[in-house]
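S.K.: Structure incoming, see below.
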Amino acid sequence: MINKNIWQLPSYQIHQFRKKASKYCVCVPVLNEGEKIRKQLQRMLPFSKMADIIIADWGSTDGSTDPKFLKKMNVRTLLTLKSPGKQGTQLRMAFFIP
């Protein structure tokens, strides 16, 4: 069993849109990506049944991680960082989602 304390998990919020559907996932770290992330998720939509899509947000304020849009794009989970950190911190959030 992995000791979560060793990983120094940050404080984050989980917004789960659906349950785990695949043994694979794609984790996309974002911060104010605007239309870029929206276009990318639209391109990924056909593959969302092969791998769960997880968005690790560093605290976007531009509306690019709007939950209604993410759900429509078949994103499994939106994780929003609530404590200081960098991109590595964003990625650590995704290792232990339920």
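S.K.: Need at least 3 residues that are in contact (Cβ under 8 Å) with a residue 60 or more places away in the chain per element, so show me which helices (runs of 4 or more DSSP H) inside region 20-98 make the cut, counting only ones lying wholly within it.
M.R.: By residue number, 87-95.
S.K.: Give me the residue from region 41-96 that is closer than 13 Å to residue 14 by Cα and small (Gly, Ala, Ser) and, out of that set, nearest to the chain's Cα centre (by Cα).
M.R.: 56
S.K.: Inside region 38-78, can you point out the residues that are crowded, with 16+ Cβ neighbours inside 10 Å and over 18 Å from residue 94 (Cα atoms)?
M.R.: Selection gives 38, 44, 64, 73.
S.K.: Another one. Could you check residue 81 against (1) modelled with pLDDT of 90 or more; (2) surrounded by 12 or more Cβ atoms within 10 Å (Cβ to Cβ) and say which number it fails?
M.R.: Of the numbered conditions (1) modelled with pLDDT of 90 or more; (2) surrounded by 12 or more Cβ atoms within 10 Å (Cβ to Cβ), the odd one out for residue 81 is (1).
S.K.: Kindly establish whether residue 1 is modelled with pLDDT of 90 or more and more than 12 Å from the chain's Cα centre (by Cα).
M.R.: no
The values are calculated or read from the model by the stated rules, or taken from the named source; none is laboratory data. As the structure is a prediction and not an experimental result, all values here were calculated from the model. For neighbour counting, all protein chains shown are included, and Cβ atoms are generated from backbone atoms with ideal geometry for every residue, glycine included.
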